[in-house]
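Everything below concerns the one structure shown next.
The values are calculated or read from the model by the stated rules, or taken from the named source; none is laboratory data. Since we're looking at a predicted model, the values are computed, not measured. A quick note on method: Cβ atoms are made from the backbone with ideal geometry, for glycine too, and the neighbour counts reach across all protein chains shown. Each accessible area value is taken on the protein alone, full model and side chains, heavy atoms only, with ligands, DNA and RNA left out. Shrake-Rupley method; radii C 1.70, N 1.55, O 1.52, S 1.80 Å.
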Amino acid sequence: HDRQGNVIGGVNMLLDITPRREMEAALRSRETEFRAIIENSPDDIARYDRNCRRIYVNPSLAASVGKTQQQLLGRTILDDWDTPSARRFQQHLLRVRDKGEGVGFELSWPAAASGEVLHRYVRIVPEFDAEGQVQSMLAVGRDIGVIKQTEQYLRHSRALLRDLAERREALL
């Protein structure tokens, strides 16, 4: 501006945002890749907020419990099931939230539709915010039904072998 207040010149500044746009595109691409992995995982996967409400469930988990993803979101496990297994799971969630340490455990429950017993090895880990506080918990459940069936078969086989050995001893 001159002394009379008239504009006599201007300043233009340009900022190259190409690197930022490239980084954003790379992040979107990575998110798509990770989402595809999680959505197609055979493991049961869920994220919980600090109040132990589900903020994400993958299709495998929804299928395992016989509900839709929408039916599970925003609810705690105790909202849906009040069973010893559900209470145990809730206790583990609270422990992970309060201590900030992961935990692994086995969990079994009857399937709603078929009545067969489902067996999972569950790992719950904390997710931290920028200040190092637990902001959410990630739970991954792996189907260990085949392992449990094999263990039962081995126990049965051992019992039969013991019985046969006792009969052999009795005959001698």
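Treat the chain as a sphere of radius equal to its Kirkwood radius over Cα pairs and apply Stokes-Einstein at 4 °C in a medium of 1.567 mPa s; give the translational diffusion coefficient in µm²/s, rounded to a whole number. Answer, rounded: 63 µm²/s. Largest GNM mean-square fluctuation among I55, I144, I17, using the chain with Cα springs under 10 Å: I17. Per-residue SASA remark: W109, around 50 Å² accessible (1.4 Å probe; ligands, DNA and RNA not included).
Here is how the number arises for the chain: DSSP H runs of 4 or more residues each give -39500 (n - 2.57), the sum is divided by the residue count, and the result at 222 nm is -15000 deg cm²/dmol. Taken per residue, the accessible surface of the chain reaches 73 Å², heavy atoms only and a 1.4 Å probe.
Here the extension length gained between T150 and L15 equals 42.2 nm, from 0.36 nm per residue of separation less the Cα-Cα distance. Taking the DSSP beta bridges with both ends in the chain, the antiparallel portion is around 100 percent. Taken along the Cα-to-beta-carbon direction at a fixed 7 Å, the label points for A26 and E131 span 3.1 nm. Sparse packing (at most 12 other Cβ atoms within 10 Å of the Cβ) combined with a DSSP loop state is found for the following GluC sites (Glu not before Pro) in segment 70-172: E101, E116, E131. Between R35 and L161, the contour length at 0.36 nm per residue exceeds the alpha carbon distance by 40.4 nm.
As a fraction of the 1.4 Å probe accessible area of the chain, surface on carbon and sulfur atoms comes out at 54 percent.
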